[in-house]
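Here the structure comes first, spelled out in structure tokens, and everything after it is commentary.
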Amino acid sequence: MQNSKNISVLTLGCPKNVVDSEKLIGALTANGFNVVDNIDKSETCIVNTCGFIKPAVEENLKVLLEVMNLKIQGKLQKVIVAGCLVERFKEILREEFNEVDLFVGVESLEQVVRYLKSDAQLKSQLLGERQLLTPKHYAYLKISEGCNRECAFCAIPNIRGRLRSFPIPNLVEEAKSLACKGVRELIIVSQDTSSYGIDIYGEPKLLQLLRELVAIPEISWIRIMYLYPAGIPDGLIDYVAEEPKICNYFDIPIQHISDSVLKSMLRGNSKKNIVNLIENIRAKVPNAYIRSTLIVGYPTETEKDFEELIQFLNDYELERVGVFTYSCEDGTYAFNFGDPIPEETKNYRLQEILKVQSKISLRKNKELVGKELKVLIDDKNNGLYICRTEFDAPEVDNLVYLKADPDVSIGEFVNVEILKAKTYDLLARLK
């Protein structure tokens with residue numbers, strides 16, 4: 001029998017889930033539990049789930065089935081399922097997975113510790129020290145929970161609720177704690193970073209938060225993710241241009257460019273406004289990289305709308321683009337439109353976007369050959385260091401491969417010269 005204090009935590013989904021798991025692991029550790037990486041060495045497994053769109057739901061259900069099989073085989077004593085999937089489909093999950101010991105939603109993770117810690121009062125709440133699941137030199141800083149937007153395709157407000165920003169002093173304290181642990185890059189995440197602070201301060205306070213975060217001496221890079229394009233705070237672009245600690249990287253999910261599609265999506269935006277935003281960034285921060293995400297196959301997207309999207313990408317050449325096929329989600333406004341576009345058409349459009357973007361990415365990467373760049377070393381594999389520039393977020397963007405050198409180490413910033421460019425990767429040498 002395994003030690004009853006041994007617990008494994010499986011984290012599925014986005015960086016916001018990663019932060020939730022890190023806080024949960026911190027609370028479990030503070031209360032005497034041993035959190036292990038290997039599920040085979042644990043008595044209890046906690047699965048922190050994602051339930052955003054159908055592909056994520058399907059993948060999460062597959063993982064749950066595998067975990068439940070371990071319990072049925074007697075290799076696990078307890079299984080706890082937490083997070084977005086529970087928040088969205090709790091009753092269905094209870095019926096399908098009746099051997100799960102505990103289901104908890106997205107803001108009920110403390111219940112996990114209380115459930116397991118039945119013999120005494122909790123020594124730590126979830127506001128305690130995080131145990132990082134990322135490499136120790138970078139960490140996500142979740143600045144708010146929930147979203148007030150009503151995008152037609154999105155189930156997040158139904159899952160995570162309305163916007164709830166965390167107070168600036170709390171976030172600064174958390175960031176200082178992370179810095180003391182060796183974190184050098186803070187990655188700002190939320191459901192809607194542009195709206196940070198509106199609910200508790202009456203106006204956007206992202207700029208004020210950033211000013212306090214850059215004052216932390218140990219932090220070298222601050223990366224801002226999930227900027228809603230229709231609500232980017234005044235002065236943010238200027239501040240990114242003038243503050244060297246803020247990465248020249250704008251993550252702005254536009255989803256589409258056709259006015260008719262944007263209107264149907266309830267995005268509160270237009271092609272003209274998006275183009276103006278991009279041109280403003282280019283003018284004020286000439287070396288900025290813009291990342292965006294797109295949806296193809298939305299119910300009202302016509303062939304003309306799609307061609308307009310392709311033309312936009314060719315005209316404005318965004319440096320980083322992620323693309324998804326539309327997923328018809330129950331409980332969203334767009335669910336009423338049905339799912340009229342065949343999957344074959346959706347996948348064709350996705351591949352066409354990828355073709356266009358791969359050419360843009362390769363051309364822009366080739367422009368970097370011979371240039372000197374600052375990179376952060378994330379890992380080492382097969383004799384090469386795996387690095388990122390300020391233009392690349394972990395897990396989703398490009399990589400720089402650097403020949404291993406005994407004088408450098410993981411978590412270090414170094415200057416490199418770019419030697420060779422591929423579509424999504426760069427090869428470099430130490431400068």
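The table for this structure:
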| item | result |
| --- | --- |
| Residue 47 being under 21 Å from residue 156 (Cα atoms), crowded, with 20+ Cβ neighbours inside 10 Å and either at pLDDT 90 or above or more than 27 Å from the chain's Cα centre (by Cα) (or both) | yes |
| Selection from segment 362-380 of residues that are over 27 Å from the mean Cα position of the chain (by Cα), among the β-branched types (Val, Ile, Thr) and in a strand (DSSP E or B) | none |
| Residue within segment 211-231 that is touching a helix residue (DSSP H, G or I) at 6+ places or on another chain (Cβ under 9 Å), more than 15 Å from residue 142 (Cβ to Cβ) and polar (S, T, N, Q) present | no |
| Of all residues making up segment 392-431, the number that are in a strand (DSSP E or B) and touching a strand residue (DSSP E or B) at 6+ places or on another chain (Cβ under 7 Å) | 19 |
| Which numbered condition residue 353 misses (of (1) among the aliphatic types (A, V, I, L, M); (2) outside the structural domain of residue 248 (by TED's automatic domain parsing); (3) not in a loop (DSSP other than H, G, I, E, B)) | (2) |
| Qualifying residues in segment 381-431 (those that are of a type in the set (Val, Ile, Thr) and over 28 Å from residue 318 (Cβ atoms)) - the one nearest to the chain's Cα centre (by Cα) | 410 |
| Entirely in segment 184-298, the strands (runs of 3 or more DSSP E) that have 3 or more residues that are of a type in the set (Val, Ile, Thr) | 185-189, 289-296 |
| Check on residue 332, buried (at least 16 other Cβ atoms within 10 Å of the Cβ) and of a type in the set (S, T, N, Q) | yes |
| Residue check, residue 347 loosely packed, with under 15 Cβ neighbours inside 10 Å, assigned by TED's automatic domain parsing to the domain that holds residue 326 and in contact with a strand residue (DSSP E or B) (Cβ under 9 Å, 6 or more places away or on another chain) | yes |
| Selected residue (only one of 79, 106, 100, 112 is under 25 Å from the mean Cα position of the chain (by Cα), surrounded by 14 or more Cβ atoms within 10 Å (Cβ to Cβ) and modelled with pLDDT of 85 or more) | 112 |
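The values are calculated or read from the model by the stated rules, or taken from the named source; none is laboratory data. The structure displayed is predicted, hence computed values, not measured ones. Here Cβ is always computed from backbone atoms with ideal geometry, including for glycine, and neighbour counts include all displayed protein chains.
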